[in-house]
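Peer 1: Input: one structure, supplied below.
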Ligand SMILES: [Zn+2]
């Protein structure tokens, strides 16, 4: 045991979603923090990359193993599956499957997340933003369930049947929404347009569309030391490497440049935030972080108001997820 009291719990939908934060995982694991991952489905209805030994029937098992392999490169062994069925991309027939995550009652999914929150007792949670990254129905459901679990896990009147055998209500302190930075999508869109690529072919992954309407980034984490582990983890998801996907059309240097940093939006905090650099002011406990929206409107740099204070470069302020 490291004695590090910090605990991080990420709530995602499919094996490979955690690639968004694998650098943060590696960083906090290396420091000795406990890192746990909830994966609500096994990604059974994802596409299968050419040359991968998987069928529609075996894909869930293949992707489960891929996730374990990926996390072995990052040092995360604590993975909880909720065992809902993958709901498929928006507008596909799999959306209608009654046993999928999309059709599961929100209360039920929330209860499963609450149970794990009460067992792991994370100070910090991570989940999708309200757009689910690019709108996948499972991402949206996971967002709703994780946000509800953040609100309810500390309330003993919620899911009281769980409070036996020493299990107590427990309220995590912060929840963040990780996501690719808008600058990344802008750079990708610019590059592809200059190369004459028609962006509409990427549908929901169109980088131009994804650059707008994102929640503002409040927190950036420098994960350059973990680039290799991050890459190995990503390659472990072999069944999901689309040879014609967006990433195949971008120069590796560009991807590499943006992979060095992971971006987060602090969505809610129960701890007062430290005012830095002349901001709007500390956020009251349990108050949704409205300052983020005000920053966006007033053109201020939201991260100047951040609560987190690790600065490792005079020009580029990099904040850590933790600072309770
Ligand atoms: Zn996903």
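Peer 1: Using 10 Å bins from zero, what percent of all Cα-Cα pairs in region 1-122 falls into each bin?
Peer 2: 13, 40, 33, 13, 2
Peer 1: How high is the FRET efficiency between residue 119 and residue 255 when r is their beta carbon distance and R₀ equals 41 Å, given to the nearest 0.05?
Peer 2: Once the sixth-power term is evaluated, E becomes 0.70.
Peer 1: Restricted to Cα positions, what overall size does region 32-85 have along the principal axes? Three whole-Å values, descending.
Peer 2: The principal-axis extents, from largest down, are 38, 24, 12 Å.
Peer 1: Per q in 0.28, 0.33 1/Å, what log10 I(q)/I(0) does a Debye calculation on the alpha-carbon atoms of region 1-40 return?
Peer 2: Taking Cα atoms of region 1-40 as identical point scatterers yields -0.93, -1.11.
Peer 1: What ranking do 200, 22, 181, 239 get, fewest neighbouring Cβ atoms within 10 angstrom at the top?
Peer 2: Ranking 200, 22, 181, 239 by Cβ neighbours within 10 Å, fewest first, gives 200, 181, 239, 22.
Peer 1: For region 211-275 and region 5-81, what is the centre-to-centre distance using only Cα atoms, to the nearest Å?
Peer 2: Spelled out, the Cα-based centre of one part sits 15 Å from the other.
Read the figures in this text as sums done on the coordinates, not as results from a lab. Here the structure is a predicted model, which means the values were calculated and not measured. With ideal geometry, Cβ positions are generated from the backbone for all residues, glycine too; neighbour counts draw on all protein chains shown.
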